[in-house]
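Worksheet: one structure, shown below.
The values are calculated or read from the model by the stated rules, or taken from the named source; none is laboratory data. On a predicted model such as this, the values are computed, not experimentally measured, just so you know. In this analysis, Cβ positions are derived from the backbone assuming ideal geometry, glycine residues included, and neighbour counts consider all displayed protein chains. For accessibility, only protein heavy atoms count, side chains too; no ligands or nucleic acids. Shrake-Rupley method; radii C 1.70, N 1.55, O 1.52, S 1.80 Å.
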2 protein chains.
Amino acid sequence: MATIAVENYLKHALLLAERSPDGLVPMGELATAMEVVPGTATTMVKALADSGLVLHEPRRGLRLTAAGRRVALNVLRKHRLVETFLVNVLEMDWAQVHAEAEQLEHAISDAVLDRLDALLGHPATDPHGDPIPSVEGTLNSAVYATLATCATEISLRVVRVTDQSADFLTFAEAHGLRPGAVAHVVDRNLPAGLVTLRRPRGKPFALSLAAAGRIWVAPNEAG
Amino acid sequence: MATIAVENYLKHALLLAERSPDGLVPMGELATAMEVVPGTATTMVKALADSGLVLHEPRRGLRLTAAGRRVALNVLRKHRLVETFLVNVLEMDWAQVHAEAEQLEHAISDAVLDRLDALLGHPATDPHGDPIPSVEGTLNSAVYATLATCATEISLRVVRVTDQSADFLTFAEAHGLRPGAVAHVVDRNLPAGLVTLRRPRGKPFALSLAAAGRIWVAPNEAG
DNA sequence: GGATAGATTTTGACAATTCAAAATAAAGCC
DNA sequence: GGCTTTATTTTGAATTGTCAAAATCTATCC
């Protein structure tokens with residue numbers, strides 16, 4: 001069985017690999033994500049390579065093997081189903097549930113996971129809009145535009161909020177920017193780094209381009 | 001924050017202390033409960049004593065301090081509320097939930113615990129009839145008779161089953177011996193070490209005195 | 001009142017995970 | 001092509017929790 005540390009390294013390796021075109025994850029990125037010094041990541045990656053969970057390409061980075069990816073997807077599935085449970089069933093604040101799920105993802109058995117999945121009705125995404133890996137190990141990563149890049153003056157539907165910090169999520173919540181919410185970009189001022197947004201029957205408000213880049217949207221079909 | 005190992009030592013120390021008249025827990029008992037060699041228990045108890053969680057009386061045993069007892073009760077509360085959740089909400093088999101809760105009890109925050117408690121309606125006991133410590137740290141340990149010691153030929157209500165092994169619980173379940181079940185002792189044959197039981201509209205069946213001693217009962221008020 | 005059995009403690013070692021800091025390799029720059 | 005910057009790896013050490021086995025108590029038993 002993978003230890004908690006191993007599960008965490010693999011999970012972060014997966015998340016970083018998903019954002020990398022060739023699947024190669026630089027050591028430094030993994031170390032940053034894990035909040036350890038680079039040497040620690042090197043040590044652990046070599047151990048993971050010995051266990052056949054990753055390939056270590058010295059001085060270049062690491063790649064998940066099929067076995068490593070399987071473990072990582074299972075942990076990610078637990079994380080996101082737990083978040084969904086905490087929000088949908090226990091009615092907890094979506095800004096807090098990430099931290100809770102970080103612990104629970106390592107304590108939940110596959111048996112509990114299955115029951116949780118059934119209780120929640122086999123959801124496809126978690127409360128932040130992040131896709132929940134299937135039992136079979138499929139990760140549906142549809143690509144959307146963000147509020148920093150999408151067209152202006154058309155009705156949009158928020159599909160995903162990719163920032164787990166409680167502060168950001170509380171801000172988003174306060175402006176109704178949860179997945180499913182409808183809004184449109186009133187104006188985008190690149191020099192000022194500002195995006196102005198408006199929700200139906202709401203006042204316009206601004207957020208930084210950096211923040212806008214973490215809110216993913218699709219054209220609002222109904223709107 | 002207490003580590004998982006520390007939480008486990010304190011939890012087992014509490015359970016053993018509850019069954020000891022003077023609250024003194026011999027080292028060997030703790031080591032057996034924790035499934036470690038005696039020397040390991042000694043090492044850990046000294047560390048716990050340094051943290052002010054237990055008192056170590058060399059060669060005699062240990063006692064929980066108020067701080068240690070507080071931590072232990074919190075872990076036990078998590079364990080038993082999680083078991084209740086797994087059975088009542090996720091509809092899992094009561095024979096499995098102990099093992100699951102052993103992991104989850106260390107991963108659940110107090111915030112999640114509170115929500116879980118509310119969802120379950122603030123239960124007083126878990127699915128095995130074990131009392132759930134209150135938030136304030138009260139452990140209601142009412143003393144009952146067991147099927148090995150109770151009066152015969154009177155209607156009884158099962159209140160508690162104090163064996164966490166899946167085999168025993170599956171056996172108990174198969175005969176309907178869950179808390180709340182009604183039964184009476186038909187016969188007790190001490191030389192043979194057998195207790196014969198009968199449930200309403202059921203066939204009589206036998207179990208060993210040792211097994212009977214793990215099923216706690218109260219007189220059945222309703223008849 | 002010592003020998004002995006049983007429990008407990010001590011000692012030395014090991015695996016996992018981490019850090020700090022020195023060493024090394026790679027990449028880009030004039 | 002040599003120099004500098006940056007990323008990565010190596011080395012040595014600390015921490016936590018564990019075991020095996022030797023040493024040490026304690027209580028008890030003739």
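Quick look at the numbers
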| quantity | calculated |
| --- | --- |
| At least 20 Å along the helix axis (C-alpha) and Kyte average at least 0.5, DSSP helices within chain B | B:4-18 |
| Burial of 50 Å² or greater, region A:109-130 residues [accessible area, probe 1.4 Å, versus chain by itself] | A:Val112, A:Arg115 |
| Shape metrics for region B:116-221, restricted to C-alpha atoms - Rg then Dmax, Å | 14.6, 48 |
| Cα lying deepest toward the dipole's positive end in region B:93-195, options B:Ala111, B:Phe171, B:Val185, charges on Cβ | B:Val185 |
| Per residue, in Å², the accessible surface of region B:145-219 once ligands and nucleic acids are set aside, probe 1.4 Å | 50 |
| Choice from A:Gly121, A:Gly129, A:Gly213 showing the highest fluctuation, given a GNM over chain A with Cα pairs closer than 10 Å | A:Gly121 |
| With every protein chain in place, chain A: carbon and sulfur % of accessible area (1.4 Å) | 54 |
| Cβ-vector label at 7 Å, A:Glu173, separations to other copies in nm | 3.7 |
| Region A:4-64, dipole about Cα centre (Lys/Arg Cβ +1, Asp/Glu Cβ -1), debye to the nearest 20 | 120 |
| Shielding score for A:98-107, defined as the mean number of other chain Cβ atoms within 10 Å | 4 |
| Trypsin sites (Lys or Arg not before Pro) within region A:137-215, DSSP loop, no more than 14 other Cβ atoms inside 10 Å | A:Arg201 |
| Extension gain, A:Lys203 back to A:Leu55 (0.36 nm per residue minus Cα-Cα distance, nm) | 48.1 nm |
| Accessible surface buried once B binds A (1.4 Å probe; total of both sides; Å²) | 1400 |
| Average projection area in nm² (convex hull over Cα atoms of the protein assembly as shown, one quarter of hull surface) | 29.0 |
| Rg/Rg_globular for region B:4-64, with Rg_globular taken as 2.2 N^0.38 Å and Rg from C-alpha atoms | 0.95 |
| Nm distances between copies for B:Val89, ranked from closest, using label points 7 Å along Cα→Cβ | 0.5 |
| Loop sites in region A:127-201: GluC sites (Glu not before Pro), DSSP, at most 14 other Cβ within 10 Å | A:Glu136, A:Glu153 |
| Where region B:4-64 is the region considered: accessible area per residue in Å², 1.4 Å probe | 53 |
| Gaussian network model of chain B, springs between alpha carbon atoms under 10 Å - residue of B:Thr32, B:Thr146, B:Thr42 with greatest fluctuation | B:Thr32 |
